[in-house]
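Notes for the one structure printed next.
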Amino acid sequence: RRQYLRDRGFIETQTARSPASVSETFSPRRSEVNLGMSKNDVVASLGKPSRVEVAGNPSYENERWLYQVNGNAKYIYFESGVVQGWE
């Protein structure tokens, strides 16, 4: 499943994050997103995304959410419904 997401651009192809990176945050609007957050937590923190793209079977909850921040596209990646990364 991870390879499927990488092939479609939903996951960064850089090295995997270590468990210590769980404290890393993404703060596009003075709100924080942390690795492992649920989709509901992200909506509570950032609001609804501009667009949601689903990879594969929707029941797996592998998604890429688009937010527009100061005219720039920011993406949050979910695997099994939890945040796995962003760019």
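The values are calculated or read from the model by the stated rules, or taken from the named source; none is laboratory data. All values derive from a computational prediction rather than experimental measurement. Cβ coordinates were reconstructed from backbone atoms using ideal geometry, including for glycine residues, and neighbour counts include every protein chain displayed. In case anyone asks, the SASA skips ligands and DNA or RNA and just uses the protein heavy atoms, side chains included. Shrake-Rupley method; radii C 1.70, N 1.55, O 1.52, S 1.80 Å.
Considering only residues in region 58-87 that are assigned to a strand (DSSP E or B) and free of Cβ contacts under 8 Å to residues at least 12 places away in the same chain, the one that is farthest from VAL33 (Cα to Cα) turns out to be ASN72. Within region 32-57, being assigned to a strand (DSSP E or B) and either open to solvent by 30 Å² or more (accessible area, probe 1.4 Å) or among the acidic types (Asp, Glu) (or both) holds for ASN34, SER38, ARG51, VAL52, GLU53, VAL54. All told, ALA16 falls short of being assigned to a strand (DSSP E or B), loosely packed, with under 14 Cβ neighbours inside 10 Å and either modelled with pLDDT under 60 or hydrophobic (A, V, I, L, M, F, W, C) (or both). Among the residues making up region 58-81, those that are open to solvent by 30 Å² or more (accessible area, probe 1.4 Å) and of a type in the set (Ser, Thr, Tyr) are SER59, TYR60, TYR75, SER80.
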